[in-house]
1. From the list Arg8, Arg41, pick out the single residue that is of a type in the set (Lys, Arg) and closer than 14 Å to Ser91 by Cα.
2. Taking region 84-110 as the search range and keeping residues that are of a type in the set (A, V, I, L, M), at pLDDT 95 or above and not in a strand (DSSP E or B), which one is surrounded by the most Cβ atoms within 10 Å (Cβ to Cβ)?
3. Please identify the pairs in which a residue from region 86-112 that is within 16 Å of Glu66 (Cβ to Cβ) and free of Cβ contacts under 8 Å to residues at least 12 places away in the same chain has its Cβ atom under 8 Å from the Cβ atom of a residue that is surrounded by 14 or more Cβ atoms within 10 Å (Cβ to Cβ) and aliphatic (A, V, I, L, M), counting only partners at least 6 apart or on another chain.
Amino acid sequence: MNEQIIYRVLGSDEWAEALSHGEYLGAPHDVADGFIHFSTRDTLAATLALHYAGRNHLKLLHVPVEPIAAHLKWEPARGGTLFPHLYARLSVQDVFRVDDVRLDENDVHVLPEDLR
């Protein structure tokens, strides 16, 4: 895959914990699966709707593929769509940008303008 940036949604509290430790180990479902789930720009809205419906105070991590490519696998999920899975811990230094993701008045997540 040629995605240059991949995305991870997580709670503000999870990101604060990652910052305090210098790395993100993943949510409980990531740990159980053995990898950290990421989304592409094309799958981000569906990921939010499916896995984070109604959740507010979320963070969106923008992670360049290049620094983590050695531990990244593109694997099929939802109907055969390929998703990036990180088989390593995510260093906070590998995160390029962090945005807040809030709910609008209809409880729909609002992505940063450049990702809409």
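1. On the way: Arg41 fails: closer than 14 Å to Ser91 by Cα.
On inspection, the qualifying residue turns out to be Arg8.
2. Within region 84-110, the match that is surrounded by the most Cβ atoms within 10 Å (Cβ to Cβ) is Val95.
3. none
The values are calculated or read from the model by the stated rules, or taken from the named source; none is laboratory data. Here the structure is a predicted model, which is why all the values come from computation and not from measurement. FYI the Cβ positions are ideal-geometry reconstructions off the backbone, even for glycines, and counts take in every protein chain you see.
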